[in-house]
Amino acid sequence: MRHCCTWQSYSEGGQAAMIKSCVNDWLQQIPQVLAFTSAQPKDGGTGAVYVLLKRNKDKRS
């Protein structure tokens with residue numbers, strides 16, 4: 001099985017924890033999401049998330 005990786009950073013500020021919580025809940029509901037975790041400090045730390053996605057079987061590369 002092939003995988004594709006991507007990352008998304010959140011805005012920092014007073015609502016960052018709420019946004020991260022919503023993103024975590026949302027990612028758990030998406031079948032294409034295999035895994036996700038907070039990023040390393042050099043990539044934004046807890047203000048960013050790495051997301052591991054399933055590759056689309058219909059698209060050949």
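The values are calculated or read from the model by the stated rules, or taken from the named source; none is laboratory data. Keep in mind it's a predicted model, so treat the numbers as computed, not measured. Positions of Cβ are generated from backbone atoms using ideal geometry, with glycine treated the same way; all protein chains shown enter the neighbour counts. Just the protein is used for accessible areas: all its heavy atoms, side chains included, with ligands, DNA and RNA removed. Shrake-Rupley method; radii C 1.70, N 1.55, O 1.52, S 1.80 Å.
Say we look at the stretch 23-34 and pick out the residues that are of a type in the set (A, V, I, L, M, F, W, C) and either in contact (Cβ under 8 Å) with a residue 12 or more places away in the chain or in contact with a helix residue (DSSP H, G or I) (Cβ under 7 Å, 6 or more places away or on another chain) (or both); which of these is most open to solvent (accessible area, probe 1.4 Å)? First the steps, then the outcome.
First pass over the stretch 23-34, keeping only residues of a type in the set (A, V, I, L, M, F, W, C): 23, 26-27, 30, 33-34.
Still in the list and also either in contact (Cβ under 8 Å) with a residue 12 or more places away in the chain or in contact with a helix residue (DSSP H, G or I) (Cβ under 7 Å, 6 or more places away or on another chain) (or both): 23, 27, 33-34.
On the way: Val23: 34, Leu27: 12, Val33: 24, Leu34: 70 Å².
Among those that are of a type in the set (A, V, I, L, M, F, W, C) and either in contact (Cβ under 8 Å) with a residue 12 or more places away in the chain or in contact with a helix residue (DSSP H, G or I) (Cβ under 7 Å, 6 or more places away or on another chain) (or both), it is Leu34.
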Q.
So Thr37 passes all but one of these: (1) modelled with pLDDT under 75; (2) among the hydroxyl-bearing types (Ser, Thr, Tyr); (3) open to solvent by 70 Å² or more (accessible area, probe 1.4 Å). Which condition number does it fail?
A. (1)
**Q.** Residue count, the stretch 40-61 (criterion: open to solvent by 70 Å² or more (accessible area, probe 1.4 Å), modelled with pLDDT under 80 and under 15 Å from the mean Cα position of the chain (by Cα))
**A.** 1
